[in-house]
Amino acid sequence: MGKSLVSKAARLSVAPMMDWTDRHCRYLHRLMSAHTLLYTEMVTSPALVRGHALHLLDHHPSEHPVALQLGGSDPAELAEASRFGAQAGYDEINLNVGCPSDRVQSGAFGAVLMKDAALVAKCVSAMQRAVDVEITVKCRIGVDDQNADEVLPEFLSRMVGAGIERVTIHARKAWLNGLSPKENRDIPPLDYPLVHSMKELFPNLHISLNGGITTLEEAEAVLDAGMDGVMIGRAAYHQPAEILCQADRRIYGQGTDTTAEGVVHAMLPYIEAHLDSGGRLQQITRHMMGLFAGRPGARIWRRVLSEGAHRDGAGTALVLEALEQIAHQSALASEAHAV
């Protein structure tokens with residue numbers, strides 16, 4: 001997929017989330033939206049280059065447009081990891097400069113790199129020389145006691161100077177000492193105005209806003225206010241149908257809406273193939289728990305899957321049983337409403 005098409009897809013993207021956005025999750029999300037840009041979990045360059053864990057790059061052809069997110073801080077190693085990603089067929093390779101977890105800090109990458117923009121520039125330059133696939137960056141507005149108003153424009157200036165044309169900015173600082181990774185997703189205050197001001201300062205830079213966006217309406221508002229893209233994380237995972245089933249029509253002006261019920265039926269052949277290859281049902285259904293969030297029967301749907309998917313021999317019959325509960329509860333709710 002060409003750079004311009006991936007940039008168009010980046011109007012809406014699902015954030016890379018460790019332990020969540022694996023290949024099964026991405027396949028599910030793609031069934032809901034044909035155009036939304038999907039990201040892998042972060043894959044570290046040492047795992048690929050030193051550990052030879054190339055299975056981490058596995059993905060289904062239908063996932064495109066799909067981006068690989070890399071974590072690392074060694075330019076040569078990141079360049080080699082980028083080559084692996086390009087050979088695997090990813091449409092974009094993204095460098096993580098935003099993750100605040102302890103294990104990321106100990107590896108000298110993630111949000112701690114906000115303190116060394118020069119090193120980040122060397123990394124992305126090496127990655128760009130290694131592959132033709134577009135290299136992008138996901139960052140925070142700053143870390144710890146940095147003055148974000150000063151640090152962020154300097155960081156972006158370095159990125160532009162290194163040839164970066166597209167960035168995603170999580171509109172919060174990362175506190176590397178004193179806050180857990182979970183707390184770093186909520187406690188540091190959001191600074192949307194600062195991110196919007198970066199668009200004014202760097203008008204030719206494609207900027208996506210990340211952090212705190214929980215509905216498609218909010219995403220539309222961000223785009224209407226001048227941002228080039230919106231990245232949604234936890235809401236897209238926990239309430240995927242609310243975010244993705246109308247995204248093609250509302251965000252891209254293309255295609256028709258999908259439904260959670262239709263997506264479940266479309267998942268069945270994929271589930272069967274996974275089971276036939278020796279996989280377990282729970283590896284897929286754990287990503288489907290939020291499909292009916294906010295709808296009658298959602299709790300029963302989750303209970304049927306969570307109690308049964310881990311059992312030996314569990315298969316598509318269990319998924320259809322859970323779906324029947326949704327239909328039954330929806331019918332009861334309609335009858336009650338009619339009365």
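Structure summary
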{"read-out": "Residue tally, condition at pLDDT 95 or above and among the aromatic types (Phe, Trp, Tyr), over the stretch 85-132", "value": "1"}
{"read-out": "Index of the failed condition, Ser82 passing every other in (1) at pLDDT 95 or above; (2) open to solvent by 40 Å² or more (accessible area, probe 1.4 Å); (3) not in a strand (DSSP E or B)", "value": "(2)"}
{"read-out": "Matching residues, the stretch 145-190, being open to solvent by less than 20 Å² (accessible area, probe 1.4 Å) and farther than 27 Å from Pro203 by Cα", "value": "Leu176, Asn184"}
{"read-out": "Complete set of residues in the stretch 309-326 that are over 19 Å from Asp19 (Cβ atoms), small (Gly, Ala, Ser) and touching a residue at least 12 places away in the same chain (Cβ under 8 Å)", "value": "Ala314, Gly315, Ala322"}
{"read-out": "Positions within the stretch 6-49 being under 21 Å from Ile271 (Cβ atoms), open to solvent by 20 Å² or more (accessible area, probe 1.4 Å) and either among the hydrophobic types (A, V, I, L, M, F, W, C) or in contact with a Gly (Cβ under 8 Å, 6 or more places away or on another chain) (or both), in sequence order", "value": "Trp20, Leu31, Ala34"}
{"read-out": "Matching option when the condition is of a type outside the set (A, V, I, L, M, F, W, C) and either out of contact with any Cys (no Cβ under 7 Å at 6 or more places or on another chain) or surrounded by fewer than 19 Cβ atoms within 10 Å (Cβ to Cβ) (or both), among His287, His328", "value": "His328"}
{"read-out": "Residue among Leu56, Leu48, Leu38 that alone is in a helix (DSSP H, G or I), aliphatic (A, V, I, L, M) and in contact with a strand residue (DSSP E or B) (Cβ under 7 Å, 6 or more places away or on another chain)", "value": "Leu56"}
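The values are calculated or read from the model by the stated rules, or taken from the named source; none is laboratory data. These figures come from a predicted structure and were not determined experimentally. Cβ: placed from backbone, ideal geometry, glycine included. Neighbour counts: every protein chain shown. Heads up: the accessible areas ignore ligands, DNA and RNA and are worked out on the full protein's heavy atoms, side chains in. Shrake-Rupley method; radii C 1.70, N 1.55, O 1.52, S 1.80 Å.
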